[in-house]
Amino acid sequence: MIDERFTIVQEERFIEATRDSGYKSTASAVSELADNAFQAGANQFIVHFRSEEQAYNGRGRKPSPVVDEVVCVDDGSGMLPNVLRTALRFGGTTRFDDRSGLGRFGMGLPNSSASQCRRLEVYTWKKPDEVYFSYLDIDEIASGSMLVVPEPVKMDIPSRYAAYKISPTGTMIVWRKCDRLDYAGREDTLTRELPNTLGQTYRHFLVSGKVIHVNGRDILPFDPLFLMPEAEHHGATAHGAPIVLDVPIPGANGKTSPVTIRFSLLPETWQTKIGKSTKQSHAHGIDRARGFSIVRAGREVDFGYFRLRRPHWTDSWWSCEIAFEPELDELFGVTHTKQQVKLGERIRTRIEKDISANLATLSDIIVSRGRKAHAADPKKAENIAKDRDRFLRTSPALRDKDPNIAERELREYAESRTCDGVTVDEVLEDIRNRPLLMDFENLPGAPFYRVRTFGTSTVVTLNREHSFFSRLYQPLCDMNPASKTALELLLFALAKAETLAEDEGVLWYRSQRHEWSRVLSVYLESVESLDRVMADA
């Protein structure tokens, strides 16, 4: 006789605990359903949101619909009644440990659904007029009234879902009583955010012709390598040929399976232009493409660093994809939810060894670009000074200057900065309303910098003929752009203080500038370059 007090699973507690296991987002749960659809031969996977409740958004704001039901439909092969009943079991599958496709554990359908809703309904048909139905209900399982998966019954799809049926064969999954959707179930937010994840996860499927829709919205592939021309954002270049590693399959008597590693280098113009705007970087997806994309059987299962590299600012401008087949699941530590990998030490060390040279080369290229862009852009320090200048006093002599005189002075300075292809008005527009500017000149024997005012702007002019420029400033442009900016800000601080000084103070600054320049020149005579100083440190 069985003592029911000590059954291996206590249903009411098990089912509630299961809801908390494994799925980190609504997108990852929906992805499980998409996996099943594509493995069943589907070409289309469509997600519909059904909303009745309205969420209060605050006084004067339009309420937001809250999703109560999620309906996922595919045009796959459909399931026979016994296959449907098996698929609804936790651990039930006809493909357990099958390494030929996306799934192999038999946990996807019930686990993913339970993580988002309290009732799961499935309609499936292998013929247009033979639809079979079964379901799972969390409350019935917890109360003990549902002990087995209900035997599938033949029935018509309810009228409220009938229009979603898209093909002669297929499956429709309905999440009802949704209580754990992301973003508190707000339909507008789910419609906006879910495509981001699905577009990246299934990018290779989408490029191959598969179709995914979310609430009437076509899903475009998002390629974190920015190589796919079909993706909205592309233009990167492949960095070198793919690296193909022949990795022994665990327990397969010497058989191997390929691990393919691809690198891309994002365009230099993105780094020098888009990189300056957080908004543009976010719009292009650059901020979510830092690290390594792990792709299993054409489907991304995880994204991150995996101890292959420490995060660095250069990671925004290169990308890497590591692709493998399910027969290497154990080495990559693939979880049953297919949303995370835990690299074994052996495969991680192997990959790290083979990618190190590429990472070093990519970093060198990107750092070099940064130096060049920074050195060529004297506005970096100027922009910082402009932003922070609002917290500082303004010289009365500059603030109260006659507007006509100020404009004439500024125009005269603009005329001195014109060059081929650039008009005086364009230069004037560029420098207008900038409190501090950096300029350059060649004056042998003169101080290493001087300060002048034009209109309401203060110009710091560096002397290229002084050893300060050749042995300190210029090397910083090449080696450490951030330090070069800090040095410019130091000079701006001196200039700002000089404009605030009274008449005697201004004379003191001018005389001291000559003295500082002479002493600095003596000190720098023995310094061949900043490179040499740092090498000797």
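Mind listing just one residue for me: the one in the range 194-212 that is surrounded by fewer than 17 Cβ atoms within 10 Å (Cβ to Cβ) and of a type outside the set (A, V, I, L, M, F, W, C) and, of those, modelled with the lowest pLDDT? Once the filter is applied, the top-ranked residue is 196.
Taking the criterion of being surrounded by fewer than 17 Cβ atoms within 10 Å (Cβ to Cβ), in contact with a Phe, Trp or Tyr (Cβ under 9 Å, 6 or more places away or on another chain) and part of a helix (DSSP H, G or I), would at least one residue in the range 288-300 satisfy it? The answer is yes; a qualifying residue exists.
Taking into account only those residues within the range 227-283 that are among the aliphatic types (A, V, I, L, M) and part of a loop (DSSP other than H, G, I, E, B), which is surrounded by the most Cβ atoms within 10 Å (Cβ to Cβ)?
Selected residue: 266.
All conditions but one from (1) under 30 Å from residue 139 (Cβ atoms); (2) modelled with pLDDT under 95 apply to residue 240; the one that does not is (1).
Do we have any residue at all in the range 349-364 that's modelled with pLDDT under 90, in a helix (DSSP H, G or I) and farther than 30 Å from residue 294 by Cβ? No, that holds for no residue. Against the list (1) loosely packed, with under 12 Cβ neighbours inside 10 Å; (2) more than 40 Å from the chain's Cα centre (by Cα), the condition residue 160 fails is (2). The single condition among (1) at pLDDT 80 or above; (2) within 20 Å of residue 216 (Cβ to Cβ) that residue 36 does not satisfy is (2). Filtering the range 446-468 down to residues that are more than 26 Å from residue 407 (Cβ to Cβ) and surrounded by fewer than 19 Cβ atoms within 10 Å (Cβ to Cβ), which residue is nearest to the chain's Cα centre (by Cα)? Across the range 446-468, the extreme among qualifying residues is 464.
The C-beta contact set for the range 247-260 (first residue assigned by TED's automatic domain parsing to the domain that holds residue 344, second residue of a type in the set (A, V, I, L, M) and part of a loop (DSSP other than H, G, I, E, B), distance under 8 angstrom, 6+ apart or interchain) comprises 255/249; 256/249; 257/249.
Yes/no per residue for (1) farther than 24 Å from residue 252 by Cα; (2) touching a helix residue (DSSP H, G or I) at 6+ places or on another chain (Cβ under 9 Å); (3) among the hydroxyl-bearing types (Ser, Thr, Tyr):
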residue: 329; (1), (2), (3): no, no, no
residue: 332; (1), (2), (3): no, yes, no
residue: 345; (1), (2), (3): no, no, no
residue: 361; (1), (2), (3): yes, no, yes
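Got at least one residue in the range 42-59 being part of a loop (DSSP other than H, G, I, E, B), assigned by TED's automatic domain parsing to the domain that holds residue 207, surrounded by fewer than 22 Cβ atoms within 10 Å (Cβ to Cβ) and modelled with pLDDT of 95 or more? Yes.
Quick one: which helices (runs of 4 or more DSSP H) lie wholly within the range 114-213 and hold at least 3 residues that are touching a helix residue (DSSP H, G or I) at 6+ places or on another chain (Cβ under 9 Å) and in the same structural domain as residue 84 (by TED's automatic domain parsing)? Please lay out each step first, then the result.
Details: elements: 138-143, 159-162, 187-201, 203-207.
In the range 114-213, 138-143, 187-201 are the helices (runs of 4 or more DSSP H) which contain 3 or more residues that are touching a helix residue (DSSP H, G or I) at 6+ places or on another chain (Cβ under 9 Å) and in the same structural domain as residue 84 (by TED's automatic domain parsing).
The values are calculated or read from the model by the stated rules, or taken from the named source; none is laboratory data. Please read all numbers here as calculations on a predicted model, not as lab measurements. Cβ: placed from backbone, ideal geometry, glycine included. Neighbour counts: every protein chain shown.
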